[in-house]
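The values are calculated or read from the model by the stated rules, or taken from the named source; none is laboratory data. Source: prediction; values computed, not measured. So basically every Cβ, Gly included, is an ideal-geometry build from the backbone, and we count neighbours across all protein chains shown. Heavy atoms of the whole protein, side chains included, go into the accessibility calculation; ligands, DNA and RNA do not. Shrake-Rupley method; radii C 1.70, N 1.55, O 1.52, S 1.80 Å.
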Amino acid sequence: MTAQAKLPENAIETIGLRKIYAPRGAMPAKVALDGIDLAVPRGGIFGLLGPNGAGKSTLINILAGLVNKTAGTARIWDIDIDRDPRASRAAIGIVPQELNIDPFFTPRELLDLQAGLYGVPKPERRTMEILAAVGLADKADAYARTLSGGMRRRLLVAKALVHAPPVLVLDEPTAGVDIELRQSLWAYVRELNQGGTTVVLTTHYLQEAEELCDRIAIIDRGRLVAHDTKQALLARLDAKELRIVVDCDLGELPARLAAMGVTRLDARTLQLRYRPSAARVEELLAAVHGSGLGIVDLSTRESDLEDLFLQLVRKASDAA
């Protein structure tokens, strides 16, 4: 059997995962996770999305061993988190939202300390290699308190990589990070992924998730409301927008166009929202010409992940 064949099919797998926080004072019990069945395939970049309070951080903290689950099972790299917690934690690196870095240590010291906690022998430590990869080699001996917010964010990524985990979880890694740093961080994440690291990303920047992720899960109110490839999820919307700029001012929208659902944005701009699976753009263009109008410009807009996210969260909210 080859080494490749021994690798698990899923980097992370949960079955019936539940977390219920006990009541406190006047506060009733809270269901944070309500039976999550989730499979994160090995080798991809996986997006875990949801509104604030949806349960994403609870799920991550259970995987990290920081929160005890109420029921269900969870496996990291095919290792049960209850049966072998040490091995399961060694298989995952977590980059938290909070900048929890000791300000009186240098990046070099922090990475060496983190490597020691994971039992990485000194000859096998890659401290300077990792710091160079995240652009902090020149700050290796500077106190962490002197680093900018973006540099501290990169240092968190470096800390999560000291034990070379096959799974890396990035929890809102670009929050408060400038555009240039964000792009360099994502370039490094892509390199890690191409090298075999499975990446799980939570983010409120849905454009990032759409650009980076090949599979996406959406959690709302502790429940999984969507889980599929990015392409399959976007195909659910079956929605598109067409805008046409005509060659003269319209006093009133021609009846033929109004009957097709066309609206007027201004004196010369027409808009149609339609389902590509059911509508024929040629018919609309023919109707425009048939109404005696010339077309000066034409543009289309595809539905994106933000549209899908809002639609699914609204449905979940209405069903609650």
For this session: For residues that are under 24 Å from Gly44 (Cα atoms) and either polar (S, T, N, Q) or out of contact with any helix residue (DSSP H, G or I) (no Cβ under 8 Å at 6 or more places or on another chain) (or both), tally how many sit in the stretch 133-174.
Result: 7
Problem set entry | Test: Arg190 is within 17 Å of Ile60 (Cβ to Cβ), among the charged types (D, E, K, R) and modelled with pLDDT of 90 or more | no
For this session: Please state which one of Ile76, Ile94 is in contact with a Ser or Thr (Cβ under 6 Å, 6 or more places away or on another chain), crowded, with 21+ Cβ neighbours inside 10 Å and β-branched (Val, Ile, Thr).
Result: Ile76
Problem set entry | Qualifying residues in the stretch 136-173 (those that are open to solvent by 40 Å² or more (accessible area, probe 1.4 Å) and outside any helix (DSSP H, G or I)) - the one farthest from Asp102 (Cα to Cα) | Ala164
Problem set entry | Ile36, sole failed condition from (1) closer than 16 Å to Ala217 by Cα; (2) out of contact with any helix residue (DSSP H, G or I) (no Cβ under 8 Å at 6 or more places or on another chain); (3) of a type outside the set (Phe, Trp, Tyr) | (2)
For this session: Scan the stretch 301-319 and give yes if some residue there is modelled with pLDDT of 90 or more, in contact with a Lys or Arg (Cβ under 8 Å, 6 or more places away or on another chain) and either crowded, with 17+ Cβ neighbours inside 10 Å or aliphatic (A, V, I, L, M) (or both), otherwise no.
Result: no
For this session: Quick one: which residue in Asn52, Asn68 is within 17 Å of the chain's Cα centre (by Cα) and surrounded by fewer than 16 Cβ atoms within 10 Å (Cβ to Cβ)?
Result: Asn52
Seminar exercise, completed: Filtering the stretch 19-46 for residues that are free of Cβ contacts under 8 Å to residues at least 40 places away in the same chain, over 15 Å from Asn68 (Cα atoms) and among the basic types (Lys, Arg) leaves a count of 1
Problem set entry | Residue satisfying all of: in the stretch 272-287; under 33 Å from the mean Cα position of the chain (by Cα) and open to solvent by less than 50 Å² (accessible area, probe 1.4 Å); modelled with the highest pLDDT among these | Leu272
Seminar exercise, completed: Across the stretch 54-94, the tally of residues that are free of Cβ contacts under 8 Å to residues at least 12 places away in the same chain, within 21 Å of Ala22 (Cβ to Cβ) and of a type in the set (Gly, Ala, Ser) stands at 0
Exercise. Scanning for something modelled with pLDDT of 90 or more, part of a helix (DSSP H, G or I) and among the hydroxyl-bearing types (Ser, Thr, Tyr), does the stretch 119-128 turn up at least one residue?
Worked result: yes
For this session: For Arg83, state whether it is at pLDDT 95 or above, in contact with a Ser or Thr (Cβ under 7 Å, 6 or more places away or on another chain) and open to solvent by 60 Å² or more (accessible area, probe 1.4 Å).
Result: no
For this session: Would you mind stating whether Leu185 is open to solvent by 70 Å² or more (accessible area, probe 1.4 Å) and not basic (Lys, Arg)?
Result: no
Exercise. Aliphatic (A, V, I, L, M), surrounded by fewer than 17 Cβ atoms within 10 Å (Cβ to Cβ) and more than 21 Å from Leu310 (Cβ to Cβ): does that describe Ala258?
Worked result: yes
Exercise. Within the stretch 212-230, is even one residue of a type outside the set (Ser, Thr, Tyr), at positive phi, surrounded by 12 or more Cβ atoms within 10 Å (Cβ to Cβ) and touching a residue at least 24 places away in the same chain (Cβ under 8 Å)?
Worked result: yes
For this session: Determine if the stretch 103-117 includes at least one residue that is surrounded by fewer than 19 Cβ atoms within 10 Å (Cβ to Cβ) and closer than 22 Å to Glu172 by Cα.
Result: yes
